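Please treat every number below as a calculation from the coordinates, not as lab data. Owing to the predicted nature of the structure, the values given are computational and were not obtained by experimental measurement. As a convention, Cβ positions derive from the backbone with ideal geometry for all residues, glycine included, and neighbour counts pool all protein chains shown.
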């Protein structure tokens with residue numbers, strides 16, 4: 001019994017020991033798995049922590065690095081300009097070099113040339129596809145399009161063709177398109193000036209020592225826009241073939257605006273051969289007609305031959321000179337004062353005054369003013385007035401502006417001298433320039449008398465420029481009918497205005513080329529609604545000048561209504 005008991009006891013002990021072992025083993029396995037899981041978590045934590053640490057170090061490094069790759073100013077400083085900027089008098093950008101691209105093709109990188117051609121045809125229908133096909137067959141690198149803009153570059157890139165390459169280069173961009181086309185000019189693909197200011201100042205604009213100093217012009221972009229817009233409207237209103245306008249400071253010769261229409265977009269680099277696109281203000285040569293009567297009156301006054309109220313008696317209806325017959329467009333009284341001869345624009349009256357002046361005095365005036373020579377301006381596009389031959393009847397015809405040619409630029413500059421006290425001014429497009437000593441051609445007294453007469457051309461009932469009379473601006477001026485030299489069929493209606501006549505600051509030349517009567521246009525003529533009876537400058541160029549002055553006057557800081565006409569007369573007298 002004792003033996004059995006012991007045996008049973010051993011059996012029971014063995015079974016207990018077995019159960020305890022299994023339980024312990026299970027716990028160890030669970031513990032081992034738990035430890036493995038924790039190790040993985042630690043490993044992942046360490047991995048992500050390392051990434052965060054690396055990125056943090058990189059960001060810190062970039063933040064404190066002096067060479068900031070995201071700094072736009074730093075990037076721009078690496079763009080070495082080839083030409084200086086051109087700006088207007090208010091520092092508004094007119095011309096600037098920018099980074100742009102040519103689109104080129106490497107045929108060796110094209111997998112499917114037929115598919116490539118299809119893509120080009122669909123997305124760029126203006127490209128010369130037939131020529132491109134030939135070049136693709138030659139299997140040589142070539143440019144597919146020059147001077148592409150950002151939109152075109154994105155369209156080329158969207159084709160998904162690695163064969164298309166973009167070649168960077170510097171292009172000259174003109175921020176106002178066609179607004180300054182006759183002044184600023186253009187550069188070629190190698191950044192050499194080929195016309196306008198760009199050509200005249202080509203060397204100065206490429207001067208590396210001054211590359212960050214813009215070339216400042218006398219022009220005002222806002223006024224240029226207004227005059228350009230009004231002149232375009234006038235060409236449409238009067239069905240004209242072209243036109244021009246010039247606004248100048250009478251005291252220093254600053255050209256504030258110069259417009260010649262039609263113009264063209266200089267960003268397109270189109271070769272212009274049609275003569276209608278010439279700069280009519282500086283290169284156009286015309287017989288400017290009745291505006292020359294102002295010079296005749298000035299000479300008669302300057303030489304003390306007459307005074308403004310001197311009566312010229314028994315003025316004939318016509319004067320015969322050789323085979324020519326000189327008459328007036330409208331019938332005038334037989335007796336006219338010197339003042340009235342200019343106000344009414346009498347041809348015959350001007351001839352009588354010219355005979356008093358004499359040929360030699362008139363020849364000296366023409367020589368001293370250089371009005372028949374090449375104009376001085378910072379452009380190469382200038383006209384050459386034909387040589388004046390003082391043959392029979394030349395004095396008579398010159399007195400009212402026929403038989404003598406000049407450019408609108410020279411005529412406007414001479415008008416500036418007529419009203420600024422008699423000082424010759426040199427027209428200029430450059431703001432910061434050396435000024436020359438001004439030479440006098442008439443006295444201050446004569447200049448004051450002329451201002452008064454020119455004011456009456458606009459303000460009096462008998463004047464020919466009433467439509468330019470705008471309250472508060474005291475506009476004066478003279479109308480004229482011009483002919484293009486060498487083309488008598490090309491008619492030019494002109495008006496040169498000066499304002500304010502009580503304290504002259506500006507002269508504005510306006511002309512329309514081959515205008516026609518607008519039968520639907522209703523004028524407010526001295527308070528009466530009427531239509532144009534004649535196709536003369538008084539009914540078109542004067543009308544346009546009035547609209548321009550009314551809009552640019554506030555910009556030019558003219559104090560509207562500061563003086564009265566009575567004050568003006570008293571000041572002149």
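Remarks
- With contributions of -39500 (n - 2.57) from each DSSP H run of at least four residues, the per-residue ellipticity at 222 nm computed over the chain stands at -12000 deg cm²/dmol.
- Residue exposure sequence - 336, 51, 205 - by fewest surrounding Cβ within 10 Å: 51, 336, 205
- Relative exposure of 399, 314, 257, 56, judged by other C-beta atoms within 10 Å (fewest first): 314, 56, 257, 399
- Across the chain, C-alpha contacts under 8 Å between residues 6 or more apart give a mean separation that, scaled by the residue count, equals a relative contact order of 13 percent.
- Estimated from the Cβ-Cβ distance and a Förster radius of 56 angstrom, the FRET efficiency linking residue 108 and residue 321 is about 0.10.
- 0 to 90° range, to nearest 10: angle between helix 221-237 axis and the chain longest Cα axis: 60
- Counting other Cβ atoms within 10 Å as a rough exposure proxy, the listed residues 236, 380, 302 run 236, 380, 302 from fewest neighbours to most.
- Computed from the C-beta positions of residue 373 and residue 490 and an R0 of 22 Å, the FRET efficiency is 0.45 to the nearest 0.05.
- The gain in end-to-end length when the residue 41 to residue 386 segment is fully stretched comes to 114.4 nm, 0.36 nm per residue minus the alpha carbon separation.
- Region 403-480: relative contact order as a whole-number percent, Cα under 8 Å and 6+ apart: 21
- Calculated FRET efficiency for the pair residue 150/residue 202, C-beta based, R₀ 30 Å, to 0.05: 0.60
- Look at the Cα gyration tensor of the chain: its axes a ≥ b ≥ c give a/c of at least 1.5 with a/b over b/c, and that counts as prolate.
- 11 Å reach of a label modelled at residue 359, 7 Å along Cα-to-Cβ, counting backbone N of region 390-422: 390-396
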